[in-house]
Amino acid sequence: MRTRSREAAVAPAPFVLLDWTAARHFAQDCRPCRHCGSPTHLRDDKGRPADKVCAEAAHADVLAIVSTYSERGRL
């Protein structure tokens, strides 16, 4: 029987659900999402067009980068 070598457990990427319940996150005009380019009525905290899912994914990417560099002592 063949045995597999155990790989080190990889921590999942950090993930945050953003709260976009405020009315300021919705606009009447439809503009392209700044992340994926699809049309959206949603706006981020700075008023830029962004899908909530795209904004959460971008936020998770930033958190993963910060975490990686923090672990390496470079921040």
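The values are calculated or read from the model by the stated rules, or taken from the named source; none is laboratory data. Keep in mind the model is a prediction, meaning the values are calculated, not measured. For neighbour counting, all protein chains shown are included, and Cβ atoms are generated from backbone atoms with ideal geometry for every residue, glycine included.
Here Thr40 clears all of (1) in contact with a Cys (Cβ under 7 Å, 6 or more places away or on another chain); (2) of a type in the set (S, T, N, Q); (3) in contact (Cβ under 8 Å) with a residue 40 or more places away in the chain except the condition numbered (3).
Total residues in region 31-50 satisfying the condition of being out of contact with any Asp or Glu (no Cβ under 6 Å at 6 or more places or on another chain) and either among the β-branched types (Val, Ile, Thr) or farther than 14 Å from Trp20 by Cα (or both): the figure is 8.
Within region 58-65, is there a residue that is out of contact with any strand residue (DSSP E or B) (no Cβ under 6 Å at 6 or more places or on another chain), more than 13 Å from Leu18 (Cβ to Cβ) and in a loop (DSSP other than H, G, I, E, B)? Scanning region 58-65, I find no residue that is out of contact with any strand residue (DSSP E or B) (no Cβ under 6 Å at 6 or more places or on another chain), more than 13 Å from Leu18 (Cβ to Cβ) and in a loop (DSSP other than H, G, I, E, B), so the answer is no.
Taking first residues from region 53-75 that are among the acidic types (Asp, Glu) and partners that are part of a loop (DSSP other than H, G, I, E, B), the Cβ contacts under 6 Å between residues at least 6 apart in sequence or on separate chains come to Glu56/Leu18.
Specify the residue that is modelled with the lowest pLDDT; the eligible residues are those in region 17-28 that are surrounded by 10 or more Cβ atoms within 10 Å (Cβ to Cβ) and not in a strand (DSSP E or B). Full working, then the answer.
Keep residues of region 17-28 that are surrounded by 10 or more Cβ atoms within 10 Å (Cβ to Cβ), which gives 18, 20, 24-27.
Then keep just the ones that are not in a strand (DSSP E or B); that gives 18, 20, 24-25.
Working: Leu18: 88, Trp20: 91, Arg24: 94, His25: 95.
Checking each candidate, the answer is Leu18.
Close contacts from region 15-26, counting a first residue that is over 14 Å from Arg48 (Cβ atoms) and a second that is of a type in the set (Asp, Glu), with Cβ to Cβ under 8 Å and a gap of 6+ residues or different chains, come to Phe15/Glu56; Val16/Glu56; Leu17/Glu56.
Based on this model, can you work out whether Ala55 counts as modelled with pLDDT of 90 or more, touching a strand residue (DSSP E or B) at 6+ places or on another chain (Cβ under 7 Å) and not in a loop (DSSP other than H, G, I, E, B)?
Here the answer is no, as Ala55 does not meet what is asked.
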